[in-house]
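Taking it in order: structure first as structure tokens, then the write-up.
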Amino acid sequence: MMRIIVAPDSFKESLSASEAAQRITEGIINIFPAAQVIQVPLSDGGEGLTESLIDAAGGRFIECPVSDPLGDKIQARYGILNDQRTAVIEMAAASGLPLVPRSNRNPLVTTTRGTGELILAALNAGCERLIIGIGGSATNDGGAGMAQALGVKLLDQKGSDIGPGAQGLLNLSQIDISDLDPRLAQTEVMVACDVENPLYGLNGAAYVYGPQKGASLEMLPLLDQALINLAEIIARDLGMQVHDIPGAGAAGGLGAGLMAFAGGKLLSGIQLVFEILGFEAILAAGADLVITGEGSINSQSLYGKVPVGVARLAKKHDLPVLAIAGQIGSGTEEVYEAGIDAIMAMAPGPISLEESISRAGELLTDATTRALRIMEAGGRSFCFRL
């Protein structure tokens, strides 16, 4: 019997990793109805982390009211694993880009306070170990809102609380952690991070990721200066140098904030997920094909993203890998060298981004079917071990 492992990430703003895995499976069954399909939805620390780990390790979801990136109240969820002491939190659930309408995206004002409220809820539930995924943020506040939700006082020159977002950080003059939740000192905080950017500078949070969060070119120097100011005051008041640690700039600087205010340890998101899910053992059992994918595959996919992470691990076991992407960007030759054998674009022809998002499910199924028809026609000479 043909065995196919389906291990995608989410397709941002359209499909969760679980939904993507199901849609890919439908495409497989169209061509190979008797195939054994093993679905392993994955995450590199962004959307889908909680669902992936709960599905694999068992546990439950908990909903609670939190602040969204603009300060409005919403319901967000986190997970508690079956050990009853480990919480899985996605910052995207409370502070993610999809929560902000495109017309309102402005990283000068968006806040991570909701992420801090999720952490607080997990502490109140008795959790002593936190796995926090920090992909997909709408923010550039260096974790300031998160810190405030956990009791940190971020003060301006007059001794008043600073406002939300990067705009508030420009006024930051003093950090007071005397009221920081003391339970954090006894809590292991593991931060699943999918990038290695420093906090600020041309390769930092603002310049690299600010534009996708709604920042104009004129806004970028302000966003960067806000993070410089935060780093300098963290160094002065807390005695910590966090700005140049790889991953400090993840999620608009939340990586740095979690290190400074919560004792967080930055880890490769995809490697952490692989370890918890036992993904290598699944691959070691063998397969005729591994199918992965996400919204965009390009040169950035080499740096901690799911498709390349899957391919590199699959190649250790000599397994062929197909990736399906909503968009194929520059740098794909390097992606092929990393272990992906073929990439199929979801769209059958030129379509708008809006249509691609709204039709993501059917397009993903169709792209899988098209790719497998090609592979079936190629037979042994292509990649299948038939």
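For this structure, a couple of remarks:
- One residue from 271, 225 being within 16 Å of the chain's Cα centre (by Cα) and assigned to a helix (DSSP H, G or I): 271
- Considering the conditions (1) surrounded by 19 or more Cβ atoms within 10 Å (Cβ to Cβ); (2) among the charged types (D, E, K, R); (3) in contact with a strand residue (DSSP E or B) (Cβ under 7 Å, 6 or more places away or on another chain), residue 161 is excluded by exactly one of them, (1).
- Residue satisfying condition, being touching a residue at least 24 places away in the same chain (Cβ under 8 Å) and buried (at least 19 other Cβ atoms within 10 Å of the Cβ), within set 151, 143: 143
Residues are listed down the side, and each one gets a yes or a no for (1) in contact (Cβ under 8 Å) with a residue 24 or more places away in the chain; (2) among the hydrophobic types (A, V, I, L, M, F, W, C):
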site: 199; (1), (2): yes, yes
site: 216; (1), (2): no, no
site: 233; (1), (2): yes, yes
site: 242; (1), (2): yes, yes
site: 271; (1), (2): yes, no
site: 283; (1), (2): yes, yes
site: 296; (1), (2): yes, no
site: 301; (1), (2): yes, no
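- Residues of segment 186-201 that are modelled with pLDDT of 95 or more and among the hydrophobic types (A, V, I, L, M, F, W, C): 189, 190, 191, 199.
- Residues (more than 16 Å from the chain's Cα centre (by Cα) and either assigned to a loop (DSSP other than H, G, I, E, B) or at pLDDT below 90 (or both)) located in segment 277-310: 277, 278, 285, 286, 287, 288, 298, 299
- Residue in segment 322-334 that is on the phi > 0 side of the Ramachandran plot and either crowded, with 17+ Cβ neighbours inside 10 Å or modelled with pLDDT of 90 or more (or both) present: no
Table: residues versus (1) touching a residue at least 12 places away in the same chain (Cβ under 8 Å); (2) among the hydroxyl-bearing types (Ser, Thr, Tyr); (3) surrounded by fewer than 24 Cβ atoms within 10 Å (Cβ to Cβ); (4) in a strand (DSSP E or B).
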residue	(1), (2), (3), (4)
61	yes, no, yes, yes
88	yes, no, no, yes
94	yes, no, no, no
98	yes, no, yes, no
118	yes, no, no, no
121	yes, no, yes, no
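- Of all residues making up segment 40-80, the number that are modelled with pLDDT of 95 or more, more than 18 Å from the chain's Cα centre (by Cα) and of a type in the set (A, V, I, L, M, F, W, C): 7
- Members of segment 356-375 found to be under 14 Å from residue 12 (Cα atoms) and at pLDDT below 95, listed by number: 356, 357, 358, 359, 360, 361
The values are calculated or read from the model by the stated rules, or taken from the named source; none is laboratory data. Quick caveat: nothing in here was measured; it's all calculated off a predicted structure. Cβ sites come from the backbone with ideal geometry, for glycine too, and all protein chains shown count toward neighbours.
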